[in-house]
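J.: There's a structure below that I have some questions on.
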Amino acid sequence: MDRREGRDTPAGGLRTAVLFIGFNRLDTASQVFEAIRRARPARLYFACDGPRNAEERVRCEEVRSLADRVDWPCELHTRFNEENMGLRKGVSSAISWFFDHEPEGIILEDDTLPVPTFFTFCEQLLERYRDDERIWVVMGNNLMDEWNGQRDGSYYFSAHGYGAPWGWASWRRVWRHYDVELGQWPALRESTLFRDFLLNKDEAREATNIFDHVHAGRMNSWSYQLDITRITNHALNIIPEVNLIRNIGFGLEGTHT
């Protein structure tokens with residue numbers, strides 16, 4: 001279901017659209033929603049996968065009820081699946097739905113809690129690099145503690161790294177390259193492009209094993225596919241100088257962590 005509620009654009013709020021992806025964890029989803037609420041985006045897209053069983057339905061409905069807490073001028077879109085699509089298809093199809101409507105935007109899952117400056121950081125860089133085909137993703141997380149505070153600027157560019165971003169922003173021009181089935185992997189696996197991307201033999205073994213598992217469907221992931229599109233297009237991610245996202249989803253109930 002796609003529900004839209006048209007409201008006036010907020011004065012002084014976030015101009016950039018936000019996609020919020022939830023599922024069945026009201027505790028973490030509420031915290032992320034409150035961070036979005038404080039940012040007051042002009043357009044909010046709220047996507048939730050369907051329950052896996054009857055017992056889970058109540059918890060999913062509780063998360064979906066967060067849409068009723070939108071109390072700022074906002075154009076609200078909802079996409080609440082009746083059936084469960086799973087992590088791989090559920091998240092990737094939600095992002096596709098988002099970029100079907102928006103040329104660029106910010107994406108937050110229900111366990112990625114941003115600091116307030118995350119939103120303006122993304123908004124400014126989405127505008128600055130909108131037409132720069134070299135730039136793929138504006139990341140919210142920086143887990144390289146030893147690099148924090150060691151550079152002059154507020155962000156840097158990186159061609160390396162892979163794995164799920166903890167809050168990020170990008171453009172439709174990037175997502176159109178996305179293939180959830182990772183069809184380009186067999187050819188890339190044997191290419192010099194992939195070997196040159198990797199830092200050493202240990203990383204080569206780890207990365208090859210991960211992408212083999214994702215391609216074969218043995219790893220339930222949506223994010224490694226985005227990394228492959230970056231590698232094949234010789235593109236760069238933007239990494240903030242300091243970490244702007246805290247992952248609050250680790251634990252037994254963490255579906256997407």
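J.: Which residues, taken from region 220-239, are part of a helix (DSSP H, G or I), within 21 Å of CYS122 (Cβ to Cβ) and hydrophobic (A, V, I, L, M, F, W, C)?
T.: LEU226
J.: Would you check which residues across region 229-255 are more than 18 Å from the chain's Cα centre (by Cα) and either of a type outside the set (A, V, I, L, M) or at pLDDT 95 or above (or both) and list them?
T.: Answer for region 229-255, where residues must be more than 18 Å from the chain's Cα centre (by Cα) and either of a type outside the set (A, V, I, L, M) or at pLDDT 95 or above (or both): THR232, ASN233, HIS234, GLU241, GLY251, GLU253.
J.: Say we look at region 150-167 and pick out the residues that are at pLDDT 90 or above and closer than 22 Å to GLU206 by Cβ; which of these is surrounded by the fewest Cβ atoms within 10 Å (Cβ to Cβ)?
T.: SER158
J.: Could you grab me the full set of residues in region 81-105 that are outside any helix (DSSP H, G or I), under 18 Å from the mean Cα position of the chain (by Cα) and surrounded by fewer than 20 Cβ atoms within 10 Å (Cβ to Cβ)?
T.: MET85, GLU102, PRO103
J.: Wholly within region 122-219, which strands (runs of 3 or more DSSP E) include no fewer than the required count, namely at least 1 residues that are out of contact with any Leu (no Cβ under 7 Å at 6 or more places or on another chain), of a type in the set (A, V, I, L, M) and closer than 11 Å to ILE238 by Cβ?
T.: Result: 135-139.
J.: Select from region 1-48 the residues that are modelled with pLDDT under 95 and in contact with a Pro (Cβ under 7 Å, 6 or more places away or on another chain) and write down the one among them that is surrounded by the fewest Cβ atoms within 10 Å (Cβ to Cβ).
T.: ASP8
The values are calculated or read from the model by the stated rules, or taken from the named source; none is laboratory data. Quick caveat: nothing in here was measured; it's all calculated off a predicted structure. So basically every Cβ, Gly included, is an ideal-geometry build from the backbone, and we count neighbours across all protein chains shown.
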